[in-house]
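Q: Starting off with a structure, shown below.
Bear in mind that the values in this text are calculations on the coordinates, not laboratory data. Worth saying up front: this structure is predicted, and the values here are computed from it rather than measured. Virtual Cβ from ideal backbone geometry, glycine too; neighbours counted across all protein chains shown.
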Amino acid sequence: MNTKLSKIFWGLVFVLLVSGCWDYTDIEELSFPYIVAYDTNHMERDKNVEGARISVTMLFPEQATSGSSVYLNRTAGSTIGEVRNKRSFSSSKNAIFRGAQVTLIGEQLARREMNVDILLRQTAAKKSMLIAIVKGRGDDLLSKGIEKDKKLPNTIVDLLKLTSNETFIVNTTLYDFATVPATPGKNLVAPLIELNENKEIRIAGTAIFKKTRLIDTIDQNETRALVLLSGIKGRAYVDFKIYEKGKLIDRGTVNVSNKRKVEVYRKDDKYHFDITITLDGDLVEHFNIQNFDKMIPYIKKIEKAVEEQVKKECEDFIVQMQKEFKVDCIDISKYALAKWRSELEKEVDNEEFITNAVINVKVKAEIDDIGEMT
Amino acid sequence: MDDRFVITSKQLMFIIIGSQIATGIFSLPRVVTVDAGVHGWLAVILGAIPSIFAILLIVNMGKKFPDKNIVEVSKYLFSRPIGSIITIVTLLYITFLQSIVIRIFAEITSLYMLPKTPTSVIIFLVLLPVIYTIIQGGKVVGRINELLFYFLLLILLLPFAALGYSDITNILPLGDIDTAGLLKGVFSASYAYAGVELLFVTYFMVDNKEKVLKYVLGSQLIVLTIYVSLVVLCTLVFGHYAMKNMMWPLLTLIKVIEIPVFERLEIFFLAFWLGLGVRPVLNNGLAVSYSLSKLFNTNFTTYKIIVLLLGIVLYIGASIPNNILEAMKWSEYAGYANLVVLIVYPLIYNLMAFLRKGGRDEH
């Protein structure tokens with residue numbers, strides 16, 4: 001009898017104390033933002049919000065009550081925490097950020113320096129959350145974009161996640177925000193997205209940061225050079241032109257994946273970086289069709305044309321980086337740190353380090369497959 | 001000796017591993033790299049030296065008194081009152097240390113999994129199965145440790161899914177060592193091996209003592225391998241600069257990994273860790289209860305009461321720190337004290353054994 005009573009007692013204790021009792025929440029009481037956009041305060045929209053410095057726009061997927069596929073919630077405040085507090089006055093549901101796939105940061109806010117401490121501190125936000133910079137304002141992109149594309153959330157996620165299979169783009173996650181600011185020699189780069197004139201979302205290029213503050217943006221072509229120089233893995237179509245005696249004899253496209261190797265050494269008080277980019281892939285098209293016998297030497301010509309073109313793009317970008325951006329946005333300083341860490345860790349972030357560096361580029365193209373035609 | 005407290009050398013190995021690998025593993029990569037920098041992995045290797053030294057001393061001392069237990073040895077070497085005082089002080093230290101382990105464990109569970117559940121409830125729920133298992137005796141504790149060890153190996157494979165984010169430059173250069181920083185790192189790393197002092201009690205529970213040294217040194221090799229590989233992994237992925245700002249780099253590492261369906265992989269990891277993280281409390285709780293019952297020469301029924309009382313003390317101790325930062329500070333102090341227990345105690349016991357010529361020949 002005592003054993004039975006004891007079992008009943010412990011059973012009751014368990015029933016009363018199971019932790020779920022405290023952490024139980026009905027799913028109907030929760031809302032899950034899918035994309036969150038952060039912007040500076042808007043002079044017109046936030047004029048009634050005292051001390052507003054930041055505005056947060058959350059895009060929620062389909063809600064049974066709203067009747068539409070998505071809905072937006074925009075709130076302003078002095079900090080993200082205050083925004084969350086103010087949001088609760090207009091929406092009773094508790095926003096759960098564990099499902100958030102993308103964080104968008106408006107260009108103006110990014111230039112002012114975006115503080116993502118709240119995202120890094122809270123345990124619910126996943127470090128693999130994608131981050132992109134919006135040309136213009138994030139809230140405008142969401143509100144105008146949704147008018148044209150009802151599946152806007154998926155479009156944005158797919159664009160940021162899958163485009164690297166088709167072209168060279170940068171990919172930034174919350175993980176980068178957790179590591180880059182504290183790491184000497186590293187600076188953030190993030191995809192730059194915009195709404196085009198047809199209100200369609202597209203990747204416009206790349207945002208260049210000095211640590212976590214946006215300093216400049218580059219277009220799609222410059223992004224290719226940045227990706228190749230940075231060694232960010234991707235696959236893309238690269239066009240080429242072959243000239244003979246100054247005359248264009250062929251043009252076409254190769255589809256290649258990329259690799260990077262960096263060697264660093266010191267000479268004459270300067271840091272020398274030798275970057276070797278290897279492009280490996282297939283010939284997709286060309287117009288000067290050759291006989292089978294001539295194709296083997298002709299492939300070498302195509303490879304050389306690709307190499308020369310990519311080398312020129314990369315060298316132009318290096319000049320731009322050293323003269324305009326004055327930050328290492330191609331992630332090469334880490335190789336110098338790996339050799340002379342104690343000497344360099346305090347000076348590697350000085351702009352003289354990257355502007356005085358001698359950076360050489362070598363490109364190797366290897367075409368494996370030419371398809372069914374010669 | 002009561003059959004319920006007899007363990008095998010192999011089980012002893014799992015008990016030692018279970019006592020060392022606990023929630024401290026989550027913060028270890030930060031703790032060792034904050035001073036040692038890219039050479040955090042080296043600090044972890046060198047940090048094992050004090051524990052290996054302690055093992056050699058404890059086994060050497062134990063060999064001289066194969067048929068006694070630690071309480072009897074203490075009383076024999078230091079006289080009855082002083083031996084009893086030493087035993088009680090040591091047991092108080094172990095109890096204090098385990099209270100902190102439970103509290104940190106509960107805080108992590110609260111932060112990542114059960115944010116609204118009061119910490120006191122989590123502590124209570126964690127202690128319930130621990131106390132129940134200790135009541136069953138050393139044999140059951142040994143078996144549980146063996147079983148959980150295999151779970152540990154499986155679950156520790158998960159962080160390696162983040163290898164795709166690794167960057168070899170984060171751990172270079174291998175030379176260019178900052179000696180002062182490395183030494184600080186070694187000092188910090190040596191706390192990670194706290195738990196080996198349990199051998200003071202468990203050595204005397206083993207049936208075949210010939211193999212004890214082999215298995216216990218084997219346990220250190222396993223612990224060392226796990227620690228080094230995790231520190232290297234976290235350094236490769238985050239770099240030591242970024243890790244300075246992370247409370248628990250190993251958990252953050254798991255949040256970097258993206259696997260479809262598992263939106264929050266760290267919860268999956270921690271769900272397993274709920275069973276694994278309490279092993280030090282389990283093992284040390286056994287050591288404390290067993291030693292107290294030997295000190296007061298009680299029967300098994302009284303042993304059970306001692307375990308229940310220990311549970312209450314652990315609950316109160318774990319509830320004292322005001323927050324996680326305070327608990328971690330206490331844990332740091334416990335780490336300093338651990339060096340005394342790890343090095344000074346075995347030295348004194350060996351010295352006394354030598355002075356009193358308490359060798360095997362005389363017993």
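Q: Just name one of A:LEU162, A:GLY145, A:PHE177: the one whose Cα is farthest towards the positive end of the charge dipole of the stretch A:135-178 (beta-carbon charges, Lys/Arg +1, Asp/Glu -1).
A: It is A:GLY145.
Q: So, one more: Using Cα positions and a limit of under 17 Å, work out the lysines in reach of A:LYS210, with same-chain residues fewer than 8 apart set aside.
A: A:LYS186, A:LYS323, A:LYS326, A:LYS334, A:LYS346
Q: How far is it, in nm, from the label point at B:ARG143 to the one at B:ASP2 when both lie 7 Å from their Cα along the line to the Cβ?
A: With each label point 7 Å from Cα toward Cβ, the separation is 1.7 nm.
Q: Follow-up. Please determine, in degrees from 0 to 90 and to the nearest 10, the orientation of helix A:152-162 with respect to the longest principal axis defined by the Cα atoms of chain A, where the helix direction is its Cα long axis.
A: 50
Q: Further question on the same structure: I'd like the distance between the alpha-carbon centres of the stretch B:30-105 and the stretch A:216-277, rounded to an integer number of Å.
A: 58
Q: At B:THR302 and A:ASN165, where each label point lies 7 Å from the Cα along Cα→Cβ, what is the point-to-point distance in nanometres?
A: My value for the distance between the label points is 7.2 nm.
Q: Right, next: Local charge sum around A:ASN187 (other residues, Cβ-Cβ under 12 Å, Lys/Arg +1, Asp/Glu -1)?
A: Taking every other residue near A:ASN187 into account, the sum is 0.
Q: Shielding of B:123-131 by partners, i.e. mean partner chain Cβ atoms within 10 Å per residue?
A: 1
Q: For B:ILE144, B:ILE312, what ranking results if the residue with the fewest other Cβ atoms within 10 Å of its Cβ goes first?
A: Fewest-to-most ranking of B:ILE144, B:ILE312: B:ILE312, B:ILE144.
Q: Please give the average number of partner chain Cβ atoms lying within 10 Å of the Cβ of each residue in A:175-183, rounded to a whole number.
A: Shielding by partners across A:175-183 averages 6.
Q: Beyond a 19 Å Cα-Cα separation, which of these cross-linked pairs lie in this structure: A:LYS241/A:LYS301; A:LYS259/A:LYS301; A:LYS126/A:LYS233; A:LYS126/B:LYS329; A:LYS259/A:LYS362?
A: Listed pairs above 19 Å: A:LYS259/A:LYS301; A:LYS126/A:LYS233; A:LYS126/B:LYS329.
Q: Let me ask something else. Could you go through the stretch A:357-367 in sequence order and give the Karplus-derived ³J(HN,Hα) for each residue, using 6.51 cos²θ - 1.76 cosθ + 1.60 with θ = phi - 60°, rounded to whole Hz, and x for Gly and Pro?
A: 3J(HN,Hα) across the stretch A:357-367, in whole Hz: 6, 9, 10, 10, 10, 10, 10, 10, 10, 10, 9.
Q: Which lysines does A:LYS7 reach when only Cα atoms under 19 Å apart count, and residues fewer than 8 places away in its own chain are ignored?
A: B:LYS304
Q: Antiparallel as a % of all DSSP beta bridges within the protein assembly as shown, to the nearest 5?
A: Within the protein assembly as shown, antiparallel bridges account for around 70 percent of the total.
Q: While we're here: Give me a comma-separated list of calculated 3J(HN,Hα) values for the stretch B:239-247, in order, Karplus coefficients 6.51, -1.76, 1.60 applied at θ = phi - 60°, integers in Hz, x for any Gly or Pro.
A: x, 6, 5, 5, 5, 4, 9, 9, 5
Q: While we're on this one: Tilt of helix A:292-320 relative to the longest C-alpha principal axis of chain A, in degrees (0 to 90, nearest 10)?
A: 60
Q: Quick check on chain B: helices-only [θ] at 222 nm, where DSSP H runs of length 4 and up contribute -39,500 (n - 2.57) each and the sum goes over total residues. Nearest 500, please.
A: -23000 deg cm²/dmol
Q: Based on other C-beta atoms within 10 Å, arrange A:LEU195, A:LEU72, A:LEU162 from fewest to most.
A: A:LEU162, A:LEU72, A:LEU195
Q: In whole Hz, what ³J(HN,Hα) sequence does the stretch A:127-135 give by Karplus (6.51, -1.76, 1.60; θ = phi - 60°), x for Gly and Pro?
A: 6, 8, 4, 6, 10, 9, 9, 9, 6
Q: May I ask you to derive the FRET efficiency for A:ILE296 and B:PHE262 from their Cβ-Cβ distance with R0 = 60 Å, giving the value to the nearest 0.05?
A: 0.75
Q: Considering every pair of different Cα atoms, what Kirkwood radius, in Å, is found for the protein assembly as shown?
A: That comes to 29.5 Å for the protein assembly as shown.
Q: Is there a simple number for the mean count of other chain Cβ atoms within 10 Å of the Cβ of residues in B:103-113, and what is it?
A: 1
Q: Rounding to the nearest 10 and keeping the result within 0 to 90°, find how far the Cα-based axis of helix A:333-344 lies from the longest principal axis of chain A.
A: 80
Q: What nm distance separates the two modelled labels at B:ASP207 and A:ARG112, each placed 7 Å from Cα along Cα→Cβ?
A: 7.3
Q: Further question: Could you pull out every whole DSSP H run in chain B that spans at least 18 Å of Cα extent along its own axis and averages 0.5 or higher on the Kyte-Doolittle scale?
A: B:49-64, B:80-112, B:119-136, B:138-155, B:179-191, B:212-238, B:300-319
Q: Follow-up. Once Lys and Arg get +1 and Asp and Glu get -1 on their Cβ, which of A:TYR71, A:THR57, A:HIS42 lies farthest toward the positive end of the dipole of the stretch A:18-145?
A: Positive-end residue among those listed: A:HIS42.
Q: So, with +1 on the Cβ of K and R and -1 on the Cβ of D and E, and no other charges, what is the size of the charge dipole of the stretch B:196-273 about its Cα centre, to the nearest 20 debye?
A: That gives a dipole near 140 debye.
Q: Which ordering of B:HIS39, A:HIS286 is given by a fewest-first count of other beta-carbon atoms within 10 Å?
A: By the 10 Å Cβ count, ascending: A:HIS286, B:HIS39.
Q: Nearest 0.05, what FRET efficiency do A:ASN198 and A:TYR237 give at R0 = 22 Å with Cβ-Cβ as r?
A: Efficiency for this residue pair is about 0.45.
Q: Once the cut-off is 20 Å, how many percent of the Cα-Cα pairs in the stretch A:279-374 end up in the long-distance tail?
A: That tail contains 54 percent of the Cα-Cα pairs.
Q: Run down the lysines and flag those whose C-alpha is under 26 Å from the C-alpha of A:LYS144, throwing out any fewer than 8 positions away in its chain.
A: A:LYS47, A:LYS86, A:LYS93, A:LYS135, A:LYS161, A:LYS199
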